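Notes follow the structure.
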Amino acid sequence: MIIGATQETDLDIMQKSSSLYNKFNLKRVFYSAYIPVNKDKMLPSLKLPPLTRENRLYQADWLLRYYNFKVEDILDKNNPNFNLLIDPKAAWALKHLNEFPKEINTCSYQDLLKIPGIGVTSAKRIIKSRKLFNINFNDLKKMGIVLKRAKYFITCNHKYFIDKSFFKREFIEKNLVLEENVSNNKNVEQLSLFS
């Protein structure tokens, strides 16, 4: 799908992708940011290609295919586009903060998959490891968990990574945005076949 050439919302795009997966058993939908190849006045003009939006669509697509999310879990008519500052899984978690923090040593596999920073492989490692010992934050770091996101949504042995009084949406969202900005290089550019 070409992203940004027309006025479709992220919700429209994700609903179409979900439909393609469900009706035709597609393995993968690809998204590409619209980049005009010539200067025709009939073509939409963009100052910058929507590369971050493309990335958010891929992240959401992954949630649909591997994490058992549905489109309506992550987007709706009131919020038809992704937050470009944080990834869709973290945005979902912030909207459902009442379900968090989850205790890493007792929550189910499906609950582990809902935690930002924990993927399928990491969730399996956690399930396997906690049969042998109680997991703490250092153990998670050794397992390769992305603690810069996960730490806001979990407890280890019923302890929050800092004082529990910081478990507030504003604090978590501000820190997630800061983490995302630090980890993303803002000098990213679309590769060209013609240069």
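Among the residues of the stretch 26-53, count how many are aromatic (Phe, Trp, Tyr) and open to solvent by less than 100 Å² (accessible area, probe 1.4 Å).
So the count comes out to 2.
Results for (1) at pLDDT 90 or above; (2) not in a loop (DSSP other than H, G, I, E, B), shown as yes or no for each residue.
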| residue | (1), (2) |
| --- | --- |
| Leu112 | yes, yes |
| Gly117 | yes, no |
| Asp139 | yes, yes |
| Phe161 | yes, no |
| Leu176 | yes, yes |
| Glu180 | no, yes |
| Glu189 | no, no |
| Leu193 | no, no |
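Write out, first by first residue and then by second, each pair whose Cβ atoms fall under 7 Å of each other, whose residues are 6+ apart or on separate chains, and whose first residue, in the stretch 124-136, is closer than 17 Å to Asp111 by Cα and β-branched (Val, Ile, Thr) while the second is open to solvent by 40 Å² or more (accessible area, probe 1.4 Å) and modelled with pLDDT of 95 or more.
From the stretch 124-136, the pairs are Ile127/Tyr109.
Among (1) touching a helix residue (DSSP H, G or I) at 6+ places or on another chain (Cβ under 6 Å); (2) touching a residue at least 40 places away in the same chain (Cβ under 8 Å); (3) of a type in the set (A, V, I, L, M); (4) in a helix (DSSP H, G or I), there is one condition Ala93 misses while meeting the rest; what is its number?
(1)
The conditions are (1) of a type in the set (A, V, I, L, M); (2) assigned to a helix (DSSP H, G or I); (3) touching a helix residue (DSSP H, G or I) at 6+ places or on another chain (Cβ under 6 Å), and Val29 fails exactly one of them. Which is it?
(2)
Filter the stretch 44-58 for residues that are without any contact (Cβ under 8 Å) to a residue 12 or more places away in the chain and not basic (Lys, Arg); which is farthest from Tyr34 (Cα to Cα)?
Asn55
The values are calculated or read from the model by the stated rules, or taken from the named source; none is laboratory data. Predicted model only: the values in this text are computed from it and were never measured. Glycine also receives a Cβ, built like all others from the backbone with ideal geometry; neighbour counts cover every protein chain displayed. The protein model used for the area step is the full one, side chains on, heavy atoms only, and it has no ligands, DNA or RNA in it. Shrake-Rupley method; radii C 1.70, N 1.55, O 1.52, S 1.80 Å.
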